[in-house]
Each structure stands twice: as C-alpha cells, then as structure tokens.
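Novice: I'd like to ask you about the structure that follows.
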Amino acid sequence: MAEVVFGPRPVRQWVLSFPYPLRFLSASKPEAMGRVLGIVQRVIAGWSADQAGT
C-alpha cells in the first residue's frame, strides 16, 4: 500500500521518545508538551527541507 502512496522512494519514519520525568510532566501540563512538540516539528521540517535542497 505504501508503494501506491509514496512510489518507489525511501520513506523516513520518525519515533520521538522522552525520559520518564518529562513524560509525567507532559501528562500533568499538556500545554508545555505542545510547545515542545512544536519545536520538534520545526526541527524535522527544517531537516526535510535541507534534504530536499529547498
């Protein structure tokens, strides 16, 4: 099925994991985790843009 969507190109899968204390903090203060995930998303998007040569 992935071949139909992406074609014969390699696809990178990202897995994000945090230390347990940070996981517990994110459970008690989800707004803080939202900011952290925004940073992570910008870093991954920048890396992807660099790889694409844009």
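The values are calculated or read from the model by the stated rules, or taken from the named source; none is laboratory data. Just so it is clear, the structure is predicted and the values come from calculations on it, not from any experiment. Positions of Cβ are backbone-derived with ideal geometry, glycine not excepted, and every protein chain shown enters the neighbour counts. What goes into the accessible areas is simple: the full protein's heavy atoms, side chains included, and nothing from ligands, DNA or RNA. Shrake-Rupley method; radii C 1.70, N 1.55, O 1.52, S 1.80 Å.
Novice: Taking into account only those residues within the stretch 1-20 that are open to solvent by 100 Å² or more (accessible area, probe 1.4 Å) and not hydrophobic (A, V, I, L, M, F, W, C), which is modelled with the highest pLDDT?
Specialist: For the stretch 1-20, the residue satisfying everything is Tyr20.
Novice: I would also like to ask the following. Restricting the search to the stretch 21-31, which residues are surrounded by 10 or more Cβ atoms within 10 Å (Cβ to Cβ), of a type in the set (D, E, K, R) and within 19 Å of the chain's Cα centre (by Cα)?
Specialist: If the condition is that a residue be surrounded by 10 or more Cβ atoms within 10 Å (Cβ to Cβ), of a type in the set (D, E, K, R) and within 19 Å of the chain's Cα centre (by Cα), then Arg23 is the only one that fits.
Novice: Does the stretch 44-54 hold any residues that are free of Cβ contacts under 8 Å to residues at least 12 places away in the same chain and surrounded by 10 or more Cβ atoms within 10 Å (Cβ to Cβ), and which are they?
Specialist: Ala45, Gly46, Trp47, Ser48, Ala49
Novice: Let me ask something else. Please tell me if Gly34 is at pLDDT 90 or above and open to solvent by less than 50 Å² (accessible area, probe 1.4 Å).
Specialist: No.
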